[in-house]
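Engineer: This is the structure I have questions about; it appears just below.
The values are calculated or read from the model by the stated rules, or taken from the named source; none is laboratory data. Everything quoted here is computed from the prediction, not taken from an experiment. Using ideal geometry, Cβ is built from the backbone for each residue, glycine included, and neighbour counts are taken over all protein chains shown. All accessible areas refer to the heavy atoms of the entire protein, side chains included, with ligands and DNA or RNA removed. Shrake-Rupley method; radii C 1.70, N 1.55, O 1.52, S 1.80 Å.
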Amino acid sequence: MSASKQVRSRVEALRQQIAHHNYRYYALDDPEIPDAEFDALMRELESLEAEYPELITPDSPTQRVGGAPSEAFAEVEHGEPMLSLANAFGEQELTDFDRRVRERLDADEVDYTAETKLDGLAVSLRYENGELVRGATRGDGIRGEDVTANVKTIKAVPLKLRGSEYPRVIEVRCEVFMTHSGFERLNAAQRKKDLKTFANPRNAAAGGLRQLDSRITAERPLTVFCYGVGQISGGDAPDTQYERLQWLKKLGHRVSPEVKRVHGLKECFKYYEEIGNRRDKLGYDIDGVVFKVDRVDYQDRLGQVSRAPRWAVAYKFPAQEQTTRLTAIDVQVGRTGILTPVARLEPVRVGGVTVTNATLHNQDEIDRKDVRAGDTVIVRRAGDVIPEVVSVIKEKRRKGAKRFNLLKHVKNKCPVCGSEALREEGEAAVRCTGGLVCAAQRKQAIFHFASRRAMDIEGLGIKIIDQLVDNELVKTVADIYTLDRDTLIGLERMAEKSADNLLENIEKSRDTTLPRFLYALGIRDVGEATAQSLALHFGDLDPIMKADEEALQEVPDIGPIVAAHIRHFFDQPENRQVADRLRKEVRWPKIEKKREEDLPLKDKTVVLTGTLSSMERNQAKERLMALGAKVTGSVSKNTDLVIAGEKAGSKLTKAEKLGVEVIDEDAFLKMIGNG
Ligand code: 5U1
């Protein structure tokens, strides 16, 4: 059955709506409808076209993904050559460019259009009578490759120009690129499919555009920004570069929001600086900015040399990637005890600074990139980010270069304190187990030990800890209890009164509880709740220090991993020594060992809702867990008890509806013995 007039007009209306919403979404970055509504329009059009294939046209939005792959790209000639850009490095070269422009034009000052320079691939889009008829790569500037099927898959490329006021033929010049988020998504999908990942967004974009099968291109998150025009016949374009870009936007094209008209050289430098400051937040890679003489009649007067116009210049940022030699791989211990492999490099300037070290992250990353000492590597430094080794130039590898194994390199010991270094199954990081003695972790360990929920030593902040550690006055947390007034007064910016207060607080901290003390030791994965459970189960420190992994796993909520962490911690003679010293300095009340069966909230599922005035929610949760409760986040028919603080909302309503017992904060405090 052929399509009725009604169906035809519905199809036409859908196409117009879809083109309009594409324009709002891609060109204006200002969508009017949610994605789901847009998808519904697309689905309706697809189903009508499936029913009435005679209605399918090449510019229908359903036709972005083409059919079978082609054998090779055909060569096509651009209507007008695609020019390239001359570069300016450094202030002097930009100053020279501006001077040459002004001298040739005999002008005092010139307006420029300032644009970002994307790190992508230049493409020319040819429209005839408003329809996209061809997409071509730059090639040698005269002839490029026909990538029409591929560019049609890029949603930001309009298949039809908007409105009816456009030249009969127009070539739009644009840069195809990939955003950082698109790149991450693509690599995540590649990993999931066990396929090769891409080194950077540029490679991913270039590879995507040059696929002979456009169905693969369609899966790559490519986008475009348009930056100029080539051939124009049968119509006119505005007289300045800036207005041309606004005009292209009106025709449905995507133009960078960073485009700006600037007056004279001073404003060019200002623009460069502004974009440089925001470079890392743009969400895509740029390698500089471009300045173009704004008036097209001036551009015509200036002309070109070889293939580069005299009226435009790319002012580049310092390169963010450089090649250098990796002389050695060392291992550093961070303040949390993680052993990180570090590449020692022959000094190289990257991103405007000299780089001599770069992180290699962990063993998995070393294996993935196959980095070996002596390799020639590509180093990247973007913004304030720590320099990293991106990849190895394998062709330049010397014979006999050996694979690097971190644990072997450190002989399974922390290079700082000599405690055992461990890599757990399923973990990328290798860690030092000498938490209490390792100099690399000292400051962090002391800070945690003194924190409010641990030993609660008010006044022992990071600035004082820095001085105590740097002057070797405190080597382990046990040394805190040997500090005297004279030592403290000798610290920078430590008044007598503050020293006295700190000493008093150290004294006060001697009276603590076993859970606080266990938590303060900083054993991996032993938070407040686990410390509570350990204390209740074992009753004292000694049996905990002696317990094997099996015995530790008898404690509620302690599984094999946490049990192994506790055991490893106390297996380190240095940690044991510090714990022994500490127990002579501090004291805690004896704990009535409770059998698990006797815990008052054993097997009860409890939900906390609203705000408690007497403690933080986390603390309340831990108290409940210590009494044997299972604390969950949502109310269901399996909930035994809801504790409702101030401003309790939907959870309270649900509990009431389900008839679950609800108590207020006072009753809760009584229940946990704080009433
Ligand atoms: N933003 C921008 N990139 N880009 C690249 N503008 C621009 N202009 C170019 C090129 C190759 O060339 C014209 C100046 C001819």
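Engineer: Looking at ASP39, ASP29, which one is part of a helix (DSSP H, G or I) and either acidic (Asp, Glu) or touching a residue at least 60 places away in the same chain (Cβ under 8 Å) (or both)?
Structural biologist: ASP39
Engineer: Within the bounds of the range 407-423, is there any residue that is touching a Lys or Arg at 6+ places or on another chain (Cβ under 9 Å), open to solvent by 30 Å² or more (accessible area, probe 1.4 Å) and at pLDDT 95 or above?
Structural biologist: Scanning the range 407-423, I find at least one residue that is touching a Lys or Arg at 6+ places or on another chain (Cβ under 9 Å), open to solvent by 30 Å² or more (accessible area, probe 1.4 Å) and at pLDDT 95 or above, so the answer is yes.
Engineer: With the checklist (1) in contact with a Ser or Thr (Cβ under 8 Å, 6 or more places away or on another chain); (2) within 20 Å of ARG335 (Cα to Cα); (3) β-branched (Val, Ile, Thr) in hand, flag the one item ILE393 doesn't pass.
Structural biologist: Answer for ILE393: the failing condition is (2).
Engineer: Moving on to the next point. Within the set of pairs 6 or more residues apart or between chains, which connect a residue that is assigned by TED's automatic domain parsing to the domain that holds LEU48 and open to solvent by less than 40 Å² (accessible area, probe 1.4 Å) inside the range 1-19 to a residue that is of a type in the set (Asp, Glu) and not in a helix (DSSP H, G or I) with Cβ atoms less than 9 Å apart?
Structural biologist: ARG15/ASP59
Engineer: If you don't mind, another one. Can you tell me which residue is farthest from the ligand (Cβ to nearest atom) among those in the range 320-347 that are open to solvent by less than 20 Å² (accessible area, probe 1.4 Å) and among the β-branched types (Val, Ile, Thr)?
Structural biologist: ILE329
Engineer: Say whether the condition of being surrounded by 15 or more Cβ atoms within 10 Å (Cβ to Cβ), outside any helix (DSSP H, G or I) and aromatic (Phe, Trp, Tyr) is met by at least one residue in the range 46-69.
Structural biologist: The answer is yes, given that some residue of the range 46-69 is surrounded by 15 or more Cβ atoms within 10 Å (Cβ to Cβ), outside any helix (DSSP H, G or I) and aromatic (Phe, Trp, Tyr).
Engineer: Of LEU85, LEU118, LEU55, which residue is away from the ligand (no atom under 16 Å from the Cβ) and either in contact (Cβ under 8 Å) with a residue 60 or more places away in the chain or out of contact with any Gly (no Cβ under 9 Å at 6 or more places or on another chain) (or both)?
Structural biologist: From the options LEU85, LEU118, LEU55, the qualifying one is LEU55.
Okay, residues lined up against (1) open to solvent by 60 Å² or more (accessible area, probe 1.4 Å); (2) in the same structural domain as ALA445 (by TED's automatic domain parsing); (3) without any contact (Cβ under 8 Å) to a residue 40 or more places away in the chain:
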| site | (1), (2), (3) |
| --- | --- |
| ASP486 | yes, yes, yes |
| LYS497 | yes, yes, yes |
| GLN532 | no, yes, no |
| ASP557 | yes, yes, no |
| HIS565 | no, yes, no |
| PRO573 | yes, yes, yes |
| VAL578 | no, yes, no |
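Engineer: Right, here's the next one. Which of the strands (runs of 3 or more DSSP E) found entirely inside the range 203-319 contain at least 3 residues meeting this: within 16 Å of the ligand (Cβ to nearest atom) and either within 31 Å of the chain's Cα centre (by Cα) or surrounded by fewer than 18 Cβ atoms within 10 Å (Cβ to Cβ) (or both)?
Structural biologist: Counting at least 3 such residues, we get 222-233, 286-293, 312-316.
Engineer: Please specify each residue of the range 535-555 satisfying the condition of being open to solvent by 20 Å² or more (accessible area, probe 1.4 Å), in contact (Cβ under 8 Å) with a residue 40 or more places away in the chain and more than 42 Å from the chain's Cα centre (by Cα).
Structural biologist: Residues satisfying the conditions are PHE538, ASP540.
Engineer: Any residue in the range 170-177 that is under 23 Å from the mean Cα position of the chain (by Cα), within 16 Å of the ligand (Cβ to nearest atom) and either outside the structural domain of GLY139 (by TED's automatic domain parsing) or modelled with pLDDT under 95 (or both)?
Structural biologist: no
Engineer: Considering the range 88-115 alone, what residues qualify as being open to solvent by less than 80 Å² (accessible area, probe 1.4 Å), part of a helix (DSSP H, G or I) and either at pLDDT 95 or above or within 16 Å of the ligand (Cβ to nearest atom) (or both)?
Structural biologist: LEU94, THR95, ASP96, PHE97, ASP98, VAL101, ARG102, LEU105
Engineer: Further, regarding this structure: Answer yes or no as to whether ILE142 is in contact with a strand residue (DSSP E or B) (Cβ under 7 Å, 6 or more places away or on another chain) and modelled with pLDDT of 95 or more.
Structural biologist: Judged against the criteria, ILE142 is not a match.
Engineer: Of the conditions (1) of a type outside the set (Lys, Arg); (2) open to solvent by less than 20 Å² (accessible area, probe 1.4 Å); (3) touching a residue at least 40 places away in the same chain (Cβ under 8 Å), VAL606 fails just one. Which one is it?
Structural biologist: It is condition (3) that VAL606 fails.
Engineer: Another question, if that's okay. Inside the range 589-667, counting only strands (runs of 3 or more DSSP E) that do not spill past its ends, which hold 2 or more residues that are in contact with a Lys or Arg (Cβ under 9 Å, 6 or more places away or on another chain) and modelled with pLDDT under 90?
Structural biologist: Here the list reads 630-632.
Engineer: Something else about it: Which condition from (1) over 40 Å from the mean Cα position of the chain (by Cα); (2) away from the ligand (no atom under 16 Å from the Cβ); (3) open to solvent by 50 Å² or more (accessible area, probe 1.4 Å) is the one that VAL133 breaks?
Structural biologist: With (1) over 40 Å from the mean Cα position of the chain (by Cα); (2) away from the ligand (no atom under 16 Å from the Cβ); (3) open to solvent by 50 Å² or more (accessible area, probe 1.4 Å) applied to VAL133, the lone miss is (1).
Engineer: Still on this model: ASP140: exposed (fewer than 15 other Cβ atoms within 10 Å of the Cβ), within 16 Å of the ligand (Cβ to nearest atom) and farther than 19 Å from TYR284 by Cα, yes or no?
Structural biologist: Here the answer is yes, as ASP140 does meet what is asked.
Engineer: Mind checking whether some residue in the range 186-198 is touching a residue at least 40 places away in the same chain (Cβ under 8 Å), away from the ligand (no atom under 15 Å from the Cβ) and assigned by TED's automatic domain parsing to the domain that holds CYS174?
Structural biologist: The answer is no, given that none of the residues of the range 186-198 is touching a residue at least 40 places away in the same chain (Cβ under 8 Å), away from the ligand (no atom under 15 Å from the Cβ) and assigned by TED's automatic domain parsing to the domain that holds CYS174.
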